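Working notes, beginning with the structure itself.
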Amino acid sequence: MKAIILIATTILLGAQLAQSKLEGKPFINDTFISDYINVDSKDQLFFMLFLSRNNPDKDPLVIWLQGGPGCSSEFGMFTENGPYTVKFDRLKNPSIETTYNNYSWNNFSNVLYLDQPLGTGFSYPTNEFSYRFTERQLSDDFYAFLLGFLEKYPDFNNRPIYLAGESYAGHYIPLFTKRLYEEQNPYINLAGIAIGNGWVDPFYQYPAYNTFALENKLVNKPKSLLIEFGMNLCQFMMLMEFPLVSALMCDASQMIILGNPIYPNFNIYDIREECNFPSMCYGEDGLEFYVQGKKFRSMVNNTKHGQWVGCNSAVHFALTLNNQNNYGVYLKNSLNAGLPVLIYSGDKDFICNWRGGEAWTQALTWDHQDDFNSKHLSDWGQNLKLESNNKTQGGQVKSYENFTFFRIYDAGHMVPTDQPEVAFNMMKEFIAKGKLDSVIDNQANQSLKSSVNSESIMLQ
């Protein structure tokens, strides 16, 4: 049955390849498409697609996936890398402002913000049995969504597609990449993936809490030794495949750093800030008021559906047992096949900190693991004149062939929010080159180019 469906879908996609230019609705000065795509006979996933401000008919498609698990991609759209940001002021009773984002990623690409898994954002489950619990269910939904999207919007057939996201998207993106690699669908052109402050491989990321905390003076040496002991037990239980026990041990060790889990000692998403609100640390930013408002819902043709769910605890709970799994291993075949992979981390984030990202990328087994690990972090973006701070470098990068790790200075968990210019230039360069070049690499490339030009002149 699956083969028949795929064959029928492929024939339909081929028949629609030559359709005309994309059409969407106006959103102030941008054009967008909002729609639902069926993933099975009952359930649908919601998305908003902002067309490129540059060349929507030729620019690549970036699919943005929010973390959580269970948080809506409208967070990324309106607070990170979308065409407009939403600001809220209670004193204006309440006044909600949308501000043009000069560093929106749709300056150079078409950006699709997907609400998944079911139960997230505007993607409502049919009933409580529609929540997803397994990797296979998540993978099936995403692949069905992509097939349905390409069938309905065939202009994107064979267009370069980039999967990007942050936090728990460090689970989603490797999983979906593996699925697309296995399917080898000729109409799906996966051109690269980018994971920001991702939760990818807990075995290496849990102990990195201790490393990061000690370096940033969040704990003293005696506490650090206690945490190290707890994390060693945590890793042992992971190896013994006792996920619930290992999670309890890891979290208990983490609590030594955080203190009160309701009001931690610092903002877990940005250690420079205090945690002034329970659990998530951030207060009301007006996004829920704006997205729930009649004006916005009418604009996206979503007035007949239920309430928008920013972060759904039911989705989070349903995927609890997957939290301890290693998803980095799913990148091995794609890396070996040459797929560009970018792992970036804001260096002020605690919960998915850059030391953990560095650790799991070095531990990842692939054909060029030793070559990648032989590289050292080098300055990136020497000629940047950042608006947000007085530094000329955006961070440090380590890259070999198609695999890049990027530490971003002075950014928390949400890199495009804290360093929009760096995130903008990072993604633009990654799409153009398939990697990030350090200052040293750029100088070497420039010298080589000058040498080639000189030899050419001499030959003439």
Next item on the list: Take the range 318-359 and flag every residue that is of a type in the set (Gly, Ala, Ser) and surrounded by fewer than 21 Cβ atoms within 10 Å (Cβ to Cβ).
Entry: Ala337, Gly338, Ala359
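Please go through the range 286-338 and pick out each residue that is aromatic (Phe, Trp, Tyr) and within 23 Å of Trp199 (Cβ to Cβ).
Phe317, Tyr327, Tyr330
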Margin query: Can you find a residue that is surrounded by fewer than 19 Cβ atoms within 10 Å (Cβ to Cβ), closer than 18 Å to Ser34 by Cβ and of a type outside the set (Ser, Thr, Tyr) anywhere in the range 89-99?
Written below: no
Check: Which residue pairs have Cβ atoms closer than 7 Å, lie 6 or more positions apart in sequence or on different chains, and pair a first residue in the range 247-276 that is within 21 Å of Met414 (Cα to Cα) with a second residue that is of a type in the set (Asp, Glu) and assigned to a loop (DSSP other than H, G, I, E, B)?
Finding: Phe266/Glu274; Asn267/Glu273; Asn267/Glu274; Tyr269/Asp349; Asp270/Asp349
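Report yes if Glu183 is buried (at least 21 other Cβ atoms within 10 Å of the Cβ) and among the acidic types (Asp, Glu), otherwise no. Don't jump to the end; show me each part of the working.
Values: buried (at least 21 other Cβ atoms within 10 Å of the Cβ): no; among the acidic types (Asp, Glu): yes.
Criteria not met by Glu183.
Can you name every one of the helices (runs of 4 or more DSSP H) wholly within the range 235-317 that holds 3 or more residues which are modelled with pLDDT of 85 or more and surrounded by 12 or more Cβ atoms within 10 Å (Cβ to Cβ)?
Details: elements: 243-258, 287-292, 294-299.
Counting at least 3 such residues, we get 243-258.
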Notebook entry, point to check: Between a first residue in the range 178-202 that is within 29 Å of Met231 (Cα to Cα) and a second residue that is at pLDDT 95 or above and of a type in the set (A, V, I, L, M), which pairs have beta carbons less than 6 Å apart while being 6 or more apart in sequence or on different chains?
Noted result: Ala194/Ala164; Ala194/Leu342; Ile195/Ile173; Ile195/Ile343; Gly196/Val415
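Select, from Leu51, Leu6, Leu13, the only residue that is of a type in the set (A, V, I, L, M, F, W, C), at pLDDT 95 or above and surrounded by 14 or more Cβ atoms within 10 Å (Cβ to Cβ). Break it down into steps so the answer makes sense when it comes.
On the way: Leu6 fails: at pLDDT 95 or above; Leu13 fails: at pLDDT 95 or above.
Criteria check complete, one pass: Leu51.
Considering every residue within the range 347-366, establish whether at least one is assigned to a loop (DSSP other than H, G, I, E, B) and of a type in the set (S, T, N, Q). First the steps, then the outcome.
Looking only at the range 347-366, we keep the residues that are assigned to a loop (DSSP other than H, G, I, E, B), and these are 347-353, 364-366.
Imposing the further condition that a residue be of a type in the set (S, T, N, Q) reduces the set to 353, 365.
Checked against the condition, which is being assigned to a loop (DSSP other than H, G, I, E, B) and of a type in the set (S, T, N, Q), the range 347-366 yields at least one hit.
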Checklist line | First in the range 353-374 and under 17 Å from Ser334 (Cα atoms), second anywhere and small (Gly, Ala, Ser) and assigned to a helix (DSSP H, G or I), Cβ under 6 Å, 6 or more apart | finding: Trp360/Gly328; Leu364/Gly328
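Sort through Gly192, Gly170, Gly165 and tell me the only one that's closer than 30 Å to Phe266 by Cβ and not in a helix (DSSP H, G or I). Write out each step before concluding.
Details: Gly192 fails: closer than 30 Å to Phe266 by Cβ; Gly170 fails: not in a helix (DSSP H, G or I).
Exactly one of Gly192, Gly170, Gly165 is closer than 30 Å to Phe266 by Cβ and not in a helix (DSSP H, G or I), namely Gly165.
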Margin query: I'm trying to understand the selection: among the residues of the range 54-67, which are crowded, with 24+ Cβ neighbours inside 10 Å and more than 19 Å from Ile37 (Cα to Cα)?
Written below: Gly67
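Could you run through the range 212-222 and say how many residues are touching a residue at least 12 places away in the same chain (Cβ under 8 Å) and buried (at least 16 other Cβ atoms within 10 Å of the Cβ)? Step through it out loud before you land on a result.
Taking the range 212-222 as the starting set, the residues that turn out to be touching a residue at least 12 places away in the same chain (Cβ under 8 Å) are 212-213, 215-216, 218-219.
Next cut, buried (at least 16 other Cβ atoms within 10 Å of the Cβ) only: 212-213, 216, 218-219.
Here the count works out to 5.
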Notebook entry, point to check: Quick check, is Leu342 outside any loop (DSSP other than H, G, I, E, B) and more than 20 Å from the chain's Cα centre (by Cα)?
Noted result: no
Note to self: When you check Asn232 against the structure, is it part of a helix (DSSP H, G or I) and either surrounded by fewer than 18 Cβ atoms within 10 Å (Cβ to Cβ) or on the phi > 0 side of the Ramachandran plot (or both), yes or no?
What the structure shows: yes
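The values are calculated or read from the model by the stated rules, or taken from the named source; none is laboratory data. This one's a predicted model, so the numbers in the text were calculated from it and none came from an experiment. Don't worry about glycine lacking a Cβ; one is built from the backbone with ideal geometry, like all the others, and counts go over all protein chains shown.
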